[in-house]
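Novice: Structure in structure tokens, see below.
The values are calculated or read from the model by the stated rules, or taken from the named source; none is laboratory data. These figures come from a predicted structure and were not determined experimentally. Here the Cβ positions follow ideal geometry from the backbone for every residue, glycine too, while neighbour counts run over all protein chains shown. Note: areas computed on protein heavy atoms with side chains; ligands, DNA, RNA excluded. Shrake-Rupley method; radii C 1.70, N 1.55, O 1.52, S 1.80 Å.
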Amino acid sequence: MQIKVMEGILDKNDQISAELQERFRQSGILILNLLGSPGCGKTTLLENTIKALKSKLSMAVIEGDLFTAKDAERIEQHGVPVVQINTGGGCHLDANMIRSALDCLDLTALDIIIIENVGNLVCPAEFNIGEDVKVTVLSITEGDDKPLKYPLIFKQASAVLLNKVDLLPYTNFDMQSAVGDITSIHPGVTLLQVSCQSGTGLEDWYNWLIEQARMKRARRASNV
Ligand SMILES: Nc1nc2c(ncn2[C@@H]2O[C@H](COP(=O)(O)OP(=O)(O)OP(=O)(O)O)[C@@H](O)[C@H]2O)c(=O)[nH]1
Ligand SMILES: [Mg+2]
């Protein structure tokens, strides 16, 4: 019985997600769902990305958090439009929340909307929110065993960022083992080793993002 209820919720969510995808297919705006544990560095990555790319791409951010507007306040300081969604304790965003948040954004002339999901390696992976791509951030301080323990979020990601590599000398994180596990879960995934503190690897991330936005615009132009 419980399983049926869960299936019903996911079906309804997928319907709204597909509706959003159709809307964004027509607009050519790239929608990115940013996932990862609390503290893995999602907002820090966003701050770096905005600073590096806001002169090249027109960006907006939707911030998902349980209660506060702390992340939205950080993003606001960088001068891009941001909408905060508070889930009131809920552990993930859903498509209906995104549909409501869109009413607060001017969608004309945007290239990318980045949605920072609630910090969690489990539930956000199960709820599509109209995105083109999911990107998963794993901080190396979380441990190299996490990909095999939480495989869905790595399987669904178009790109995985292994963040905080500046801390590698101070941890026992086995990079070779983590990379092997992620690529076994998701062969061919884009895998980047980055530090949002030192800037290592971020140029590759920016180039990947620019290319995703270009491909989305191209798909709209060719109407596929
Ligand atoms: N050393 C180091 N610290 C980092 C790096 N990236 C982020 N941090 C720090 O990690 C902490 C958490 O970063 P956030 O960006 O707030 O993490 P988050 O994933 O947005 O966290 P939630 O929104 O709570 O899920 C902050 O103190 C950052 O300064 C990094 O590459 N290296
Ligand atoms: Mg954050």
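Novice: Can you give the percent of C-alpha pairs in segment 27-99 whose distance is more than 16 Å?
Specialist: In whole percent, the long-distance tail amounts to 50.
Novice: Step through the table entries Lys51/Lys164; Lys12/Lys134; Lys56/Lys164; Lys54/Lys155, compare each Cα-Cα distance with 22 Å, and write down the pairs that go over it.
Specialist: From the list (Lys51/Lys164; Lys12/Lys134; Lys56/Lys164; Lys54/Lys155), the Cα-Cα distance tops 22 Å for Lys56/Lys164; Lys54/Lys155.
Novice: Can you compute the FRET efficiency between Arg74 and Thr183 using 1/(1 + (r/R0)^6), with r the Cβ-Cβ distance and R0 = 35 Å? Round to the nearest 0.05.
Specialist: 0.60
Novice: Next question. Given just the C-alpha atoms of segment 96-224, how large is their convex hull per residue in cubic angstrom?
Specialist: Measuring per residue, one finds 133 Å³ for the Cα hull of segment 96-224.
Novice: State the percentage of accessible surface on segment 114-200 attributable to carbon and sulfur atoms; use a 1.4 Å probe and exclude ligands, DNA and RNA.
Specialist: 50
Novice: With the calculation restricted to Cα positions, what are the radius of gyration and Dmax of the chain in angstrom?
Specialist: Here Rg and the maximum Cα pair distance are 16.9, 52 Å.
Novice: Another question about this same structure. In segment 149-191, whose amide N lies under 15 Å from the spot 7 Å out along Cα-to-Cβ of Arg219? List them in ranges.
Specialist: It comes to 157-159, nothing else.
Novice: Still on this structure: Using 1/(1 + (r/R0)^6) with R0 = 41 angstrom and r between the beta carbons of Asp14 and Leu148, what's the FRET efficiency to the nearest 0.05?
Specialist: 0.95
Novice: How much FRET efficiency would the formula 1/(1 + (r/R0)^6) give for Glu7 and Cys91, where r is the Cβ-Cβ distance and R0 is 22 Å, rounded to 0.05?
Specialist: Result of the calculation: an efficiency of 0.75.
Novice: Next up: Which whole-number percent gives the relative contact order of segment 101-187, counting Cα pairs below 8 Å spaced six or more residues apart?
Specialist: Computed over segment 101-187, the figure is 30 percent.
Novice: Just the accessible area per residue of the chain, please: how many Å² with a 1.4 Å probe?
Specialist: 47
Novice: Something else about it: Below 8 Å between Cα atoms, with a sequence gap of 6+, how large is the relative contact order for the chain in percent?
Specialist: In percent, rounded to a whole number, it is 25.
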